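One structure is given here, and the rest of the page talks about it.
FYI, it's all coordinate maths here, none of it is from the lab. The structure displayed is predicted, hence computed values, not measured ones. Cβ placement follows ideal geometry from the backbone for every residue including glycine, while neighbour counts extend to all protein chains displayed.
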Amino acid sequence: MPPWWWFTLPAEGGTRYAPFEARATDTKKSVQARIVKHYEQVLAIKARPVHPRPQWQRPAARPAAATTAPEAAVALKS
C-alpha cells in the first residue's frame, strides 16, 4: 500500500489523514498547499446548511373506503 500524508490540526486537537498519496516529488510547500486545499473543502462541507431527513416510518394505514366497489357502481347508475 502506498504511503499517505498525515497532518495535525491544532484547532481540532487531532491528527487527520490527507486523502492523497505521497509522491516522490513532494516538497514541504507542495504538500502544505494540497493539505490547505483539502481542508478548505472540508470546512466548506461543514459550513453547508443541514437539511435533516425525516425519520423513516411505516406509511400510514389507508382509511377504509366508505363504500365497496359494487355498491359504488350501483350508486353511480341510480
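Taking θ as phi - 60°, what are the ³J(HN,Hα) couplings along segment 20-32 by the Karplus curve (6.51, -1.76, 1.60), each to the nearest whole Hz, with x for Gly and Pro?
Rounded to whole hertz, the list is 8, 7, 6, 10, 5, 8, 5, 10, 4, 5, 5, 5, 4.
Report the local net charge at TRP5: Lys and Arg +1, Asp and Glu -1, summed over other residues whose C-beta lies under 9 Å from its C-beta. Each step should come with its number before you reach the end.
Numbers: positive: ARG34; negative: GLU21, ASP26.
Within the 9 Å Cβ shell, the charges total -1.
So how do TRP56, TRP5 line up by other beta-carbon neighbours within 10 Å, fewest first? Let's see the in-between values first.
Values: TRP56 5, TRP5 17.
Going from sparsest to densest Cβ surroundings: TRP56, TRP5.
Would you mind checking which residues have amide H under 5 Å from PHE20's amide H? H placed 1.01 Å from N; only 5 or more apart, or other chain.
Those lying under 5 Å, H to H, from PHE20 are TRP5.
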